[in-house]
Amino acid sequence: MRKTFTAVVEKDSDTGLYVGYVPGFPGAHTQAETLDELRDNLREVIEMLLEDGEPEFETEFIGTQEVVVA
């Protein structure tokens, strides 16, 4: 059965690496030099974590908001 998870992706200004994590999913985080590599790493980490059973999310990802400051 296929499952879909939403990952947050950021770029670390010190290392230049992409960092990804699944909000609320403990342990579901990784980093990589490219976005393709990051996606593959996230898939591998999530698959490994799911071997221990269904995750109990600590938070629920809702979305993003744009905030304008004058």
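A few remarks follow.
- For the chain: relative contact order, % (alpha-carbon pairs under 8 angstrom, 6 or more apart): 24
- Exposed loop sites here mean trypsin sites (Lys or Arg not before Pro) with a DSSP loop assignment and at most 14 other beta-carbon atoms within 10 Å; the chain contains its longest site-free run at 4-70.
- Note, ³J(HN,Hα) from phi for segment 42-53, Karplus 6.51, -1.76, 1.60, rounded to Hz, x at Gly and Pro: 4, 4, 5, 5, 5, 4, 5, 5, 5, 4, 8, x
- Estimated purely from DSSP H runs of n ≥ 4, each contributing -39500 (n - 2.57), the mean residue ellipticity at 222 nm for the chain is -7500 deg cm²/dmol once divided by its residues.
- Fluctuation leader among Glu47, Glu60, Glu33 - the chain, Gaussian network, Cα springs under 10 angstrom: Glu60
Every number in this text was worked out from the coordinates using simple rules, so none of it is lab data. Because the structure is a prediction, the values reported are computed rather than measured. Positions of Cβ are generated from backbone atoms using ideal geometry, with glycine treated the same way; all protein chains shown enter the neighbour counts.
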